[in-house]
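Presented below is the structure to which this report refers.
The values are calculated or read from the model by the stated rules, or taken from the named source; none is laboratory data. Please read these numbers as outputs of a predicted model, since none were measured by experiment. Positions of Cβ are generated from backbone atoms using ideal geometry, with glycine treated the same way; all protein chains shown enter the neighbour counts. Note: accessible area is taken over every heavy atom of the protein model, side chains too, but ligands, DNA and RNA are not part of it. Shrake-Rupley method; radii C 1.70, N 1.55, O 1.52, S 1.80 Å.
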Amino acid sequence: ISAGTEIAVGIAITVAADNNPHIGYFADGELKHAEYNGTGWQFESVSADIGAATAIVVDSANFIHISIINNSDELKYLSDKGGTWTTQTLDYSSGSGRHTSIAVDSVDRPHISHFADLINKIKYTYHDGSEFISEIVDPTKLYGIVRTSLALDSADQPHIAYRNFEDSTYLLQYAHHDGLGWNLEDVAEGYSFPSVAVDSNDRPHICYILFGSLKYAVFNGATWDTEIIASSTQLPYCLSLALDSTDQPHIIYFDKENVEFRYVNHNGGTWNFETLSVSSSTSTTFKTTSIAMDSNDLPHICWTDLTLNYANHDGTQWIIQESIETVANEMDMALDSANYPHLSYFNPQGADLKYGVYDGTSWQLETVDAIGSVGQYSSIALDSQNNPHISYYNATNNELKYATILTDSCSCDLNADDVCDTQDLQIFNSDWGQDNCPNCDCDLDGDGDCDGTDLLLFGNDWSKPGCR
């Protein structure tokens, strides 16, 4: 059934619920999968693994699961259940895509803040239900390395914190969209690493650095209240902020003076400090950190120190997992509904974007985008279905890119070309309005008619960012 250049070995076969066979095997220097669809055989490459043994099964939802023993005597598991990554360029103008920050709104649409270094301006890119739109947030020319941090409020309006260098002064600046336009203001003097979160009253909280001081600002409804959390003779850096369910802040940062990785939280009255005992704290190679609070108000943190590392607090102690990936930089983290972490990060060795998820037992790591030099300044958010959305920078073309994963096919993709476009709309319209039409393409719910329910299904998928 296949005419490969090498003899197939490690062959395993299973029969799916539709009575069609699936075969896993090694050939031509890789693991392959073959499926018979009733008419002909379909072949695909699964991974660049070579070994001598495979096992394959197809579940009730027709997802394929393969286990193998490779030539390094490692047991590996592969499945297509996670869906397919789709990547696209969102903004290729003005050197866009540096220092991205992403959030997903209440209808699962992504919002991204980023810096365009060719024009030195903050930009905002979002999906409006039909397409991605980019706009300039602050028309002022900004100077220096401008990091952005984005959070959405209960009305899905964006709040962005960033810094500027103006008239020999470092400024922490803040932008908020009220539904009509952008409101811009200077918060305080601020040197670097702003991190923003919005509380249950839609008020912004910002953690930032002013030279040797770790500082905190919160909007009280009228003005900004600022305070110093910690002071040092050297610049603290790599900070990240998250709020718990009572709107209390939790912060992770690296104390360069004492060479310590520190966790700070506020109990409503005072700041509490804790030093994490990690091997990385003996070096000054920290690059990025991220913190998130789970449904039990327990912190999860991730950091890079040339390797990728993760820790979570179980209510009694920190559980630390170091060197999840041996080469990593510029990462971000989000927690899913089961409190498991999902990570996006840059692999400087291959210059590609990678993604990792922990299921409570083991980590699954994969490459998302390896075309050109991609993956710097990544940011990750999860939607209501726990699907990841990642914004990142394409250094090869100096542009903003976006990746998401599709766990289900889009019902509006009627011609099966993996995108919902005008061709699908034409197919849908050609059958629209017909009754007693069980084989019509527009009968998406399978009730034999093309009616308003099918139109709603088509429209819902049409508005999904990953389908278009």
Q. Tally time: how many residues in the stretch 337-350 are in a strand (DSSP E or B) and either among the small types (Gly, Ala, Ser) or without any contact (Cβ under 8 Å) to a residue 12 or more places away in the chain (or both)?
A. 1
Q) If the Cβ limit is 7 Å and pairs must be 6+ apart or interchain, which residue in the stretch 1-23 that is farther than 12 Å from Trp41 by Cβ and assigned to a loop (DSSP other than H, G, I, E, B) pairs with which residue that is modelled with pLDDT of 80 or more and open to solvent by less than 90 Å² (accessible area, probe 1.4 Å)? A) Gly4/Ala27; Glu6/Ala27; Ala8/Tyr25; Ala8/Phe26; Ala8/Ala27; Ala16/His22
Q) Which residue pairs have Cβ atoms closer than 6 Å, lie 6 or more positions apart in sequence or on different chains, and pair a first residue in the stretch 369-383 that is free of Cβ contacts under 8 Å to residues at least 24 places away in the same chain with a second residue that is in a strand (DSSP E or B) and open to solvent by 10 Å² or more (accessible area, probe 1.4 Å)? A) Ala370/Asp352
Q. What are the pairs, 6+ residues apart or on separate chains, where a residue within the stretch 224-249 that is in contact (Cβ under 8 Å) with a residue 12 or more places away in the chain and over 21 Å from Tyr174 (Cα atoms) has its Cβ under 8 Å from a residue that is of a type in the set (A, V, I, L, M, F, W, C) and assigned to a loop (DSSP other than H, G, I, E, B)?
A. Leu235/Phe211
Q) Quick one: which of Leu343, Leu306, Leu298, Leu335 is farther than 30 Å from Glu227 by Cα and at pLDDT 95 or above? A) Leu343
Q.
Here is a check on your reading of the model: is Ala188 assigned to a strand (DSSP E or B), among the aliphatic types (A, V, I, L, M) and within 28 Å of the chain's Cα centre (by Cα)?
A. no
Q: Spot the failing condition for Tyr402; the list is (1) out of contact with any Pro (no Cβ under 8 Å at 6 or more places or on another chain); (2) modelled with pLDDT of 80 or more; (3) open to solvent by less than 30 Å² (accessible area, probe 1.4 Å); (4) closer than 30 Å to Asp369 by Cβ, and only one is missed.
A: (1)
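Within the stretch 250-276, how many residues are modelled with pLDDT under 85 and under 16 Å from Gln317 (Cα atoms)?
The total comes to 0.
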Q) Looking at Glu274, is it more than 21 Å from Ser149 (Cα to Cα) and free of Cβ contacts under 8 Å to residues at least 24 places away in the same chain? A) yes
Q) Looking at the stretch 377-403, which of its residues are under 11 Å from the mean Cα position of the chain (by Cα) and of a type in the set (S, T, N, Q)? A) Ser378, Ser379, Asn386, Asn387, Ser391
**Q.** Hits in the stretch 351-409 - residues which are within 20 Å of Leu90 (Cα to Cα) and not in a strand (DSSP E or B)
**A.** Ala351, Ala370, Ile371, Gly372, Ser373, Asp383, Asn387, Ala395, Thr396, Asn397, Asn398
(Q) Here is a check on your reading of the model: is Leu276 under 27 Å from Asn258 (Cβ atoms) and either more than 18 Å from the chain's Cα centre (by Cα) or surrounded by fewer than 17 Cβ atoms within 10 Å (Cβ to Cβ) (or both)? (A) yes
Q | Which listed residue is outside any strand (DSSP E or B), modelled with pLDDT of 95 or more and either exposed (fewer than 14 other Cβ atoms within 10 Å of the Cβ) or among the aromatic types (Phe, Trp, Tyr) (or both), from Thr284, Thr316 | A | Thr316
Q. Looking only at the stretch 334-353, which residues are more than 10 Å from the chain's Cα centre (by Cα) and within 17 Å of Leu308 (Cα to Cα)?
A. Leu335, Tyr340, Pro341, Phe346, Asn347, Pro348, Gln349, Gly350, Ala351, Asp352, Leu353
Q) Residues of the stretch 336-361 being open to solvent by less than 40 Å² (accessible area, probe 1.4 Å) and of a type in the set (Val, Ile, Thr), which ones? A) Val357
